[in-house]
Each structure stands twice: as C-alpha cells, then as structure tokens.
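Visitor: Sharing a structure below in structure tokens format, with a few things to ask.
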Amino acid sequence: MTMGDRLRELRLRKHISQEEVARQIGITRSAYSHYEINNRQPVYETLKKLAILFNVSLDYIIGGEAARPETPVTPEAIEIIRILNGMDQERRKQSIDRMMAVIRQAD
C-alpha cells in the first residue's frame, strides 16, 4: 500500500473531505490531493501534522506497520499544535510554560 493509499484510507475512515484535512493541517486541498494520488511527497512537518490528525505514527503513514496510538488526539489539541507551530521558538516556549502553569493550578 502506498503512502497516498494510506492517507486516503485514513481520511475516509475519519469521514472527512480532502478540503477538511487540508484546512486542519494548513495546506491547500490541491496540495493534499497530490499526496493521495502519489504525485508529491509531504515534507516532514506536514507528515507530523497528518500523523496527529489521523492519530497514527509517522511510520504507519510512510508504509510501516506500526500500530495506532491508544490516545485519540482531539481537534483542540490539533489547533493548539497548529498555533504553536506558527510561533517563533521563544514565544512557543513562553506559551507552553503558561499552559503548564495553568494545568498545574488545576490539579
């Protein structure tokens, strides 16, 4: 099974469109469709986003047999990752530190 086949299968299992996948990982629908038909290969950062979105390992996406992770990834977690990925390193660190402080206070 090719990477494109796996991406298509994962998308269909999730019952979402190519447009929705593209929106959630921050690329165009056209770019994503090229991945599914094996005309292009995603860059590493895009592969990571796809793995998070589909709740699978990078190994699984690129053709390995690694099992799916047990813990599902929520749409909110994906949005947080998308936001953090758009920040410079210092701002990302500050944001993570603030989130961890809020989490510690809630415990």
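Visitor: Given a Förster distance of 41 Å, report the FRET efficiency between HIS34 and ARG98 from their Cβ-Cβ distance, rounded to the nearest 0.05.
Guide: Efficiency for this residue pair is about 0.65.
Visitor: Got a number for carbon plus sulfur as a percent of the chain's accessible area, 1.4 Å probe?
Guide: In the chain, the share of accessible area belonging to carbon and sulfur is 54 percent.
Visitor: Same structure, new question: Under 10 Å, Cα contacts only: if you run a Gaussian network model on the chain, which one of GLY26, GLY86, GLY64 comes out with the highest mean-square fluctuation?
Guide: Comparing GLY26, GLY86, GLY64 in a Gaussian network model of the chain, the most mobile one is GLY86.
Visitor: Further question on the same structure: When the chain is treated as a GNM, springs tying every alpha-carbon pair under 10 Å, which of VAL21, VAL43, VAL56 comes out with the largest mean-square fluctuation?
Guide: VAL43
Visitor: Of (i) 15.0; (ii) 13.6; (iii) 14.5, which one was derived for Kirkwood radius over Cα pairs in Å from the structure shown?
Guide: (i)
Visitor: Divide by every residue of the chain the summed helix terms, -39500 (n - 2.57) for each DSSP H run of at least 4, and state the resulting mean residue ellipticity at 222 nm, rounded to the nearest 500 deg cm²/dmol.
Guide: Taking each H run of at least 4 residues, the total per residue is -20000 deg cm²/dmol.
Visitor: Comparing LYS93, LYS49, LYS14, which has the greatest mean-square fluctuation in the GNM of the chain with Cα pairs linked when under 10 Å apart?
Guide: Result: LYS93 has the largest fluctuation of those listed.
The values are calculated or read from the model by the stated rules, or taken from the named source; none is laboratory data. Keep in mind that what you see is a predicted model, and the values were worked out from it rather than measured. Note that we place each Cβ from the backbone using ideal geometry, even for glycine, and neighbour counts take in every protein chain shown. For accessibility, only protein heavy atoms count, side chains too; no ligands or nucleic acids. Shrake-Rupley method; radii C 1.70, N 1.55, O 1.52, S 1.80 Å.
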